[in-house]
1. For Leu58, only one of the following conditions fails: (1) open to solvent by less than 70 Å² (accessible area, probe 1.4 Å); (2) at pLDDT 85 or above; (3) within 20 Å of Arg154 (Cβ to Cβ). What is its number?
2. What are the residue pairs meeting all of these: first residue in the stretch 1-23, first residue over 26 Å from Ser38 (Cα atoms), second residue open to solvent by 70 Å² or more (accessible area, probe 1.4 Å) and at pLDDT below 65, Cβ atoms under 9 Å, and 6 or more apart or on different chains?
3. Tell me, which strands (runs of 3 or more DSSP E) wholly within the stretch 1-98 include 3 or more residues that are among the charged types (D, E, K, R)?
4. Out of the residues in the stretch 122-153 that are assigned to a strand (DSSP E or B) and farther than 14 Å from Asp168 by Cα, which is most open to solvent (accessible area, probe 1.4 Å)?
5. Which pairs turn up if I take residues in the stretch 50-62 that are farther than 14 Å from Thr12 by Cβ and look for partners that are open to solvent by 60 Å² or more (accessible area, probe 1.4 Å) and small (Gly, Ala, Ser) with beta carbon separation below 7 Å, at least 6 apart in sequence or on another chain?
Amino acid sequence: YGGPDQRLLLATFDRLQVDADVSRLLQRQQFINSLELSDAALSLPLDPENPQTGWFNLTDLTARILASGDRFEVRQARGKLEGVPVTVEGTLLKPARLSRPRDRPAGTKGEALDLVRDRRQWLDALRAQIQQLDWSGSRRPPRLDLRLAGDFDRPADIQLWARLRGEDFRYRDR
């Protein structure tokens, strides 16, 4: 992504399967039908420009994401966040396509990078809350079920419903 050397790390992942329609690609239409991750690791730098940034990491991730029309549908996503089993489902409206100003100076990332940072701030807040859980005395970790709905262009307005359940765990005070 962008930058003077045309490189900027936005995510790392493994075991990604993409279902695409090449004929729609040739017509410059949306061509990705779905994404599937299977026992994968996904890492997102919270600020891609800062090498010292924190990371949002999901491990043991299995997910199916359908791209249809103007939305992404997350189905049967499960993984581990900070060691806590997490399930996720929901629908998110796709981000608006950003126009690239012709007069933007070379090497600047502009509005797109600002949007990436904004969209990832709420992930960092979730990660910080999970880190406050202490289940060292429990035979099994708590489980977090998430349901989300919203619009990628308005990350502050994304609705997230969460249910945390488990035995013998506590929330640490800072």
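The values are calculated or read from the model by the stated rules, or taken from the named source; none is laboratory data. Please read these numbers as outputs of a predicted model, since none were measured by experiment. Glycine also receives a Cβ, built like all others from the backbone with ideal geometry; neighbour counts cover every protein chain displayed. Side chains included, ligands, DNA and RNA excluded: accessible areas come from the protein's heavy atoms. Shrake-Rupley method; radii C 1.70, N 1.55, O 1.52, S 1.80 Å.
1. Every listed condition holds for Leu58 apart from (3).
2. Sorted first by the residue in the stretch 1-23, then by its partner, the pairs are Pro4/Ala106; Arg7/Tyr1.
3. Correct list: 71-81.
4. The initial filter retains those residues of the stretch 122-153 that are assigned to a strand (DSSP E or B), namely 133-134, 143-151.
Imposing the further condition that a residue be farther than 14 Å from Asp168 by Cα reduces the set to 144-151.
On the way: Leu144: 11, Asp145: 24, Leu146: 17, Arg147: 105, Leu148: 14, Ala149: 34, Gly150: 23, Asp151: 25 Å².
If we take residues in the stretch 122-153 being assigned to a strand (DSSP E or B) and farther than 14 Å from Asp168 by Cα, then Arg147 is most open to solvent (accessible area, probe 1.4 Å).
5. Thr62/Ser38
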